[in-house]
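The values are calculated or read from the model by the stated rules, or taken from the named source; none is laboratory data. Keep in mind that this is a model prediction, so the values were computed, not measured. Every residue, glycine among them, receives a Cβ derived from its backbone with ideal geometry; neighbour counts consider all protein chains shown. Protein only, heavy atoms only, side chains kept; ligands, DNA and RNA dropped before computing areas. Shrake-Rupley method; radii C 1.70, N 1.55, O 1.52, S 1.80 Å.
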Amino acid sequence: MSEDQELTAVARFLYEAGTLKNTRRSGWWMAGVKDPESVADHSWRTALIATIIAQLEGANPARAAFLAVWHDSQETRTGDVNHLGKKYGAGEADPQAITAGQVAGMPAILADAVKALVAEYEAKESPEALCARDADKLECMIQGIEYRDQGYANVQRWIDNSRGRIVTKSGQALADAVLETGSLDWLRAALGEQQR
């Protein structure tokens, strides 16, 4: 395969990745959220949170963010399958097999790196993978709190379930701090207003 063909494969994937900006996180519809966040929205904040948890845990923040950026990239081909759909076999596709299809034809140095990254995340063994996975849950919990504050009372289930799945000490402590902080406390602090 020529270098031009390999770069064309990369270019195709970049367009494919862009579809995540329009792919909605479907679980929120069950809670009544009319216009839920996109997978890309979720992945961005997950990557940011992964750096924080990893730094606090003594893991590699850049590696954790790298894992988090790619953690839902397969949803370009499957869509976002919520937990109820998974109960009935929807979303049973292997993330590593999907990734292999996505990177087919790319330069080997890139394809191999992405496949290894997804395998590491899915294995749930490295400190960085644990931090990235906790970031995924914490981001969902934070989003749930924001939706609850917007009047979507049915999201409490997502908040509680997400909190219960966080495993690192730093992730748990951060989740507790998030639960004790109002979603607009950052704005009050930035404006120098009295905290509630």
Is the stretch 157-176 home to any residue that is among the β-branched types (Val, Ile, Thr) and open to solvent by 50 Å² or more (accessible area, probe 1.4 Å)?
yes
Could you tell me which residue of the stretch 71-106 is farthest from ALA9 (Cα to Cα), considering only residues that are charged (D, E, K, R) and at pLDDT below 90?
LYS87
Could you please find all residues in the stretch 169-196 being more than 14 Å from ILE49 (Cβ to Cβ) and part of a helix (DSSP H, G or I)?
LYS169, ASP176, LEU179, ASP185, TRP186, LEU187, ARG188, ALA189, ALA190
Given the criteria at pLDDT 95 or above and under 23 Å from ILE166 (Cα atoms), does ALA65 qualify?
yes
Test each condition in (1) touching a helix residue (DSSP H, G or I) at 6+ places or on another chain (Cβ under 9 Å); (2) open to solvent by 20 Å² or more (accessible area, probe 1.4 Å) for VAL114 and report the one that comes out false.
(2)
Please state which one of ALA9, ALA50 is farther than 20 Å from ALA100 by Cβ, hydrophobic (A, V, I, L, M, F, W, C) and either at pLDDT 95 or above or touching a His at 6+ places or on another chain (Cβ under 6 Å) (or both).
ALA50
Of the listed residues (ASP4, ASP35), the one being in a loop (DSSP other than H, G, I, E, B) and open to solvent by 70 Å² or more (accessible area, probe 1.4 Å) is ASP35
Can you tell me which of (1) surrounded by 14 or more Cβ atoms within 10 Å (Cβ to Cβ); (2) modelled with pLDDT of 95 or more; (3) among the β-branched types (Val, Ile, Thr) is the one ILE109 doesn't meet?
(1)
Output the number of residues of the stretch 59-100 satisfying the condition of being part of a loop (DSSP other than H, G, I, E, B), surrounded by 18 or more Cβ atoms within 10 Å (Cβ to Cβ) and more than 15 Å from the chain's Cα centre (by Cα).
1
